[in-house]
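Engineer: Right, I'll just put the structure down here and ask away after.
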Amino acid sequence: MEGAAAGVARAVATAGVVVALDQATKQAVVASLERGESNNVFFGLDLTNTRNTGVAFGALQGGGLLVAALIGLSLAVLVGYFALNASLPGLWLPVGMLVGGALGNLADRARAGAVIDFIDPIAWPAFNLADASIVLGVLALFYVIERKDST
């Protein structure tokens with residue numbers, strides 16, 4: 001069983017990598033596409049420089065204070081759970097992905113008042129690497145918790 005300190009260090013490192021990749025890809029899109037401009041990558045997938053004032057995939061658009069409160073509450077619950085279970089094998093990965101994704105999008109909100117989205121599939125709202133990290137982090141969190149409960 002891994003130690004709590006190692007789990008915390010891995011979660012922090014994962015969050016840092018997610019934030020760095022998220023911010024780098026967003027800045028690359030901002031530098032290469034005007035706001036609202038699209039570039040087709042291949043059939044069904046565009047890169048589009050767009051903004052989102054809601055949460056993942058455009059939900060709660062324009063929610064402002066409500067969005068901030070929900071993000072803060074969610075992070076507090078997640079960090080609290082992690083503090084109590086940091087030695088749980090594998091928990092560091094989804095926690096790092098979730099925290100990194102949230103911090104990446106919060107950096108955009110603080111800097112520009114909205115999140116930069118750019119991955120634009122044909123039948124789905126535009127999103128970014130932070131959103132993808134959050135979704136995959138939630139799935140991984142469920143897996144780690146279920147695995148713990150089944151042992």
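The values are calculated or read from the model by the stated rules, or taken from the named source; none is laboratory data. Since we're looking at a predicted model, the values are computed, not measured. Areas reflect the complete protein model, heavy atoms only, side chains present, ligands, DNA and RNA absent. Shrake-Rupley method; radii C 1.70, N 1.55, O 1.52, S 1.80 Å.
Engineer: Note the angle between two axes, namely the Cα long axis of helix 65-85 and the longest principal axis of the Cα atoms of the chain, as a number of degrees from 0 to 90, rounded to the nearest 10.
Structural biologist: Rounded to the nearest ten degrees, it is 30.
Engineer: What percent does the relative contact order of the chain come to when contacts are Cα pairs within less than 8 Å and at least six residues apart?
Structural biologist: Dividing the mean separation by the residue count of the chain yields 35 percent.
Engineer: Any idea what angle helix 92-112 forms with the longest principal axis of the chain, computed on alpha-carbon atoms, 0 to 90 degrees, nearest 10?
Structural biologist: Compared with the principal axis, the helix lies near 40 degrees.
Engineer: Report in % the part of the accessible area of the chain that belongs to carbon and sulfur, leaving out ligands and nucleic acids; probe 1.4 Å.
Structural biologist: 72 percent
Engineer: Tilt of helix 129-150 relative to the longest C-alpha principal axis of the chain, in degrees (0 to 90, nearest 10)?
Structural biologist: So the inclination is approximately 20 degrees.
Engineer: Rounded to two decimals, what is Rg over Rh for the chain when you use alpha-carbon atoms and the Kirkwood radius?
Structural biologist: Values: Rg = 16.4 Å, Rh = 16.1 Å.
The Rg/Rh ratio comes out at 1.02.
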